[in-house]
Each structure stands twice: as C-alpha cells, then as structure tokens.
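Student: Sharing a structure, written as structure tokens. Questions coming.
What follows is calculated from the coordinates using simple rules that are stated; it is not laboratory data. Treat the numbers as computed from the prediction; the structure is a model and nothing was measured. All Cβ positions, glycine included, derive from the backbone under ideal geometry; neighbour counts span all protein chains shown.
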Amino acid sequence: MPDWNKVVRERLSDMRLELQDENDVIAELADHLEETFESLHRGGMSEHEATRRALAQVADWKGLNRKIYLARHQEEIMEPRVRQFWSRDCWASLCSWPFQRLWRARRSAGT
C-alpha cells in the first residue's frame, strides 16, 4: 500500500502555506485517498489498479494546489477589507450617532 502522506506531499509540494495548514491539508487528502484505495482493494481490485484509481480522483494536482492556496489565503485577503469597512464606515456611523442626537436636541431647543 502506498504511503499516502508522502504521495500527497510530493504532489502538493508548492502549497506555500504555514506548516500546520499544510500538514492538515495533506493529512485530510491522504486519508481520503487511503479510504478510497482500501475500499477498492477490499472489493477485489489489485493494489496497482486501486492505487491508480485513487490517484485519478485528483485529475489536476497543480490546479488543486492553486485552489488550496487561494482558499486558505482568501481569508487573509478578506480580513483587512472587513476591518477597513468596520473601522471606516461602521465606526463613523456609530460615533456620529451621539453628535446627531446632540444636534437635534440643540435644534429643537432653538440654540
């Protein structure tokens, strides 16, 4: 039986993720491939053919590598935008509320 962690690590060698994220992705995909392999092999398929079919589930390793990178880094890209939105728009709105109240109170008092 193949060392699925090694196989996945070799094929996704350019993920450019932090070590823990990389290890998590590799372990998850390796577990999936191993389960597929074992199921096929238990069903009577030869080890060679079961390995080939399990690996065929990932048709484009470079494309998968790119998708994983983008998915993991999308959070980092979005987070500054969210922070900018909250700091600029929402805080301005929240902070202006007391001033609006004060302005209305003065206006109604005639000052």
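Student: Quick one: order V8, V58 by neighbouring beta-carbon count within 10 Å, fewest to most. Working shown, then result.
Tutor: On the way: V8 25, V58 16.
So the residues, fewest neighbours to most, are V58, V8.
Student: What ranking of L64, L29 emerges when the number of other C-beta atoms within 10 Å of each C-beta is taken as an exposure proxy, fewest first?
Tutor: Least crowded to most crowded, the residues run L64, L29.
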